[in-house]
Structures are given as structure tokens and as C-alpha cells.
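First comes the structure, then the notes that go with it.
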Amino acid sequence: MGSVKRLADEVACGLREVHPRLRKTVVSKLALAVGAMIEGQTPNTVELANLLPLDTERQDMREQWLRRLLKNPRLGPGMVIEPFARAELAKAASHGQTVLLSLDQTDLGDRMALLMVALRVGDRAIPLAWRAEEGAANLGFAGQQVVLEPLLAWLPSGARVLLSADRFYPSAGLFGWLQARGWSDRLRLKSNVLTDTGQGDETTTGALAHGVTERYFTGVRLFAQGVITNLGILHEDGHPEPWIIAMDAAPTRASVLDDAARWAIEPMFSDVKGRGFDLEDSQLQHAERLERLVLIMALAMYWCVRAGRDEGLNDPTPLEKKSRRRTTPRIGASGNSIVAWSRGSRAACAV
């Protein structure tokens, strides 16, 4: 039995367990695609199709099989990923820890934009929800709301959440959405955001940051809509630009540095793109098909994490044994539930 088939059998078993009502044909096809993705680590549908263990030697039939899967309306990314996302969110919220979420966008040239919200797991992140749009777009609050809304039902009751987002994303709509749901935020701002500190005329965030190392404000108003928030500015040596962070907490150096949690999504994007699945090389032209291809990649990531976690618990390295003796952190997923993804990837490929 080939490695793709062995991987697919394992994935299919897990999918049937969490999706007992999903059609068996859909489960088996999705599992084969995930197995091929783990094996080939490619978004190229021709290369991916060539790895599929199908009862045909015709390459055109293999490619047609994969195209039909990517067009299948029953393959809703949110529906498929939900039970896995719920489980990871529950782990992240255990022991009263704060769930660390990151919101960010990556572009595939000028062809497609992908907006994603991800959960921090150790020093990396795993995808929870995503949305693709054709063209070089900056997905505004309408797109943000689409990826954030499902998490309200997936999070454990009473979970504390901290959302970090890059400076492309903060808007009056996003601030209002977060405040209405009681989520904490660390949102990086551009330097051209209109700001009223209550100490004089309206200015910009860039003017407030000019020439200072640290500066903090409470109860400032942002945008023309007058969003009220706190503001922290920190310009560390060696950095070309200051951090200008809007936050719901008391503005301090420490709360500004909380935004660093957002960087966990960057290595995840590297896993999806150049250092992993090479998503930017995909030639798909339709947003919904790209979203289903990302679903296949996301499931591959979840299986690698699960395999690595199981191996870490049952056969930990000396470094992992040492990390278990540390105090459980109050923010993010607990150390005992995290294993390096590199070990996970190796273990998953040995299934």
C-alpha cells in the first residue's frame, strides 16, 4: 500500500468520526486529496492529481477527478473544519487561558487575496476560517465579519479572546464588532489614521508617533466615526517603524508587545506558501475553488499537528520533557498540548 493511501485511510477514519453524516464518497475523496497534499506539498492540481491512488492510468481523468472535488458544493470549508477548530479552541481555552487569534491577509500575486483568522498554537498558528476574493483586494470589514462570525459558535462558553490584526485591517466596523462581543484586541494602525486625543486639534497616529520612543493615550477617538480606544506607541531601536497599537487594555509597553502574538500567523503563511505547500503557485482562478484547496491544506496541517502531538506525548524528546516542567502559561495553548510542527510533519508522513 502506498504512502498516500495509508495517509488517506487515516484521514478518512478521522473524518468519518467527526462527520458521520457526510457522504462516504465525499469523505473518501477528501481524504485522498489530503493524503496527496501531505505527500506532495503542492498546490499544482496536475502534480497533485498524479499522486492520487486512483484506478486509472489516464492523467486527464485524474485531473478531472480533482477538479470535480474542488467544485463540489457539499465541500464547505467551514462545515468540514468546524469540529477540528472547536477541539483546538477548547484546548487553547483550557485552564482559563486566553485564546490568541490572529487576523491577516496574504496575496497570491494580483490574482487572488486570502483573508484568514488563525489560532496560535505554540510558536505557530493553525487556520480556523478563511475567505478568498479574486484580484488584488484588501478585504474590508465585510470579509472580516465572514471569517470571524463562525468562531462565536465554535468557542467554548466564557472563553477569553484576544484578537491581533495587522495595520491593513482595523476599521470602525471591526472595532464595533469586537467591543460588542467582549473580545480583547491589539490592532496595529497605519500612520495616517485620524486621531483625537482630547488634548487639542485632530491629528494622525503618525504625527503622535513622530520622534518618540514610547507614548501612551487613553480614551482616544479614531476615524471620522469617533471609535474610542486606548493607544500605545513603541519605537524600539533597530526597527524602521514604530508599533502603533490600538487596544482595549491599559496602554503600557507590555500591552503593546502583546501584539507580537500575531506573528505566529506568519510562519503559518510560510507553511501554506513558499516553505510548505507553495500556494502562490496555484493557477486556480475561482475563489471558491481556492478556498477548498486551502481546506485540503488546512486538514493536512491539522493531521500533522495531531500526529506530532501524539508522538510528543508518547515519545517526547528531552527538550519536550523539560518544557513540561515549566509553569503553564496563562495565555495561549498549554505547553503540554503543543509539539513542534516539524516533528508532527515527520510523524504524519510515517503513518
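The values are calculated or read from the model by the stated rules, or taken from the named source; none is laboratory data. Bear in mind that the values here come from a model prediction, so they are computed numbers and not experimental data. When we count neighbours, we look across all protein chains shown, and the Cβ atoms used for this are built from the backbone with ideal geometry, even at glycine.
Before moving on, here are some points about what is shown:
- Of all residues in the stretch 254-299, those that are among the basic types (Lys, Arg), touching a strand residue (DSSP E or B) at 6+ places or on another chain (Cβ under 6 Å) and surrounded by fewer than 17 Cβ atoms within 10 Å (Cβ to Cβ) total 0.
- Residue list for the stretch 60-76, filter: under 19 Å from SER282 (Cβ atoms) and part of a helix (DSSP H, G or I): ARG62, GLU63, GLN64, TRP65, LEU66, ARG67, ARG68, LEU69, LEU70, LYS71
- Checking every residue in the stretch 193-209 against the condition of being surrounded by 20 or more Cβ atoms within 10 Å (Cβ to Cβ) and among the polar types (S, T, N, Q) gives at least one match.
- In the stretch 1-59, residue farthest from LEU75 (Cα to Cα) [restricted to those that are among the aliphatic types (A, V, I, L, M) and in a loop (DSSP other than H, G, I, E, B)]: MET1
- For the stretch 65-77, the count of residues that are of a type outside the set (Ser, Thr, Tyr) and closer than 15 Å to TYR302 by Cβ is at least one.
- Hey, ALA159 assigned to a helix (DSSP H, G or I) and under 19 Å from LEU128 (Cβ atoms) or not: no
- Residue count, the stretch 121-149 (criterion: at pLDDT below 90 and of a type in the set (Lys, Arg)): 1
- From the list ALA85, ALA92, the one residue that fits, being crowded, with 21+ Cβ neighbours inside 10 Å, in a helix (DSSP H, G or I) and touching a helix residue (DSSP H, G or I) at 6+ places or on another chain (Cβ under 6 Å), is ALA85.
- Within the stretch 76-87, residues that are closer than 11 Å to LEU151 by Cα reach no partner that is among the basic types (Lys, Arg) with beta carbons closer than 8 Å at six or more positions or on different chains.
- Against the conditions (1) surrounded by 22 or more Cβ atoms within 10 Å (Cβ to Cβ); (2) in contact with a Gly (Cβ under 8 Å, 6 or more places away or on another chain); (3) not in a helix (DSSP H, G or I), VAL117 satisfies every one except (2).
- Residues satisfying the stated conditions in the stretch 61-90, i.e. aliphatic (A, V, I, L, M) and more than 20 Å from ARG124 (Cα to Cα): MET61, LEU66, LEU69, LEU70, LEU75, MET79, VAL80
- Test: residue in the stretch 3-19 that is touching a residue at least 60 places away in the same chain (Cβ under 8 Å) and in contact with an Asp or Glu (Cβ under 8 Å, 6 or more places away or on another chain): yes
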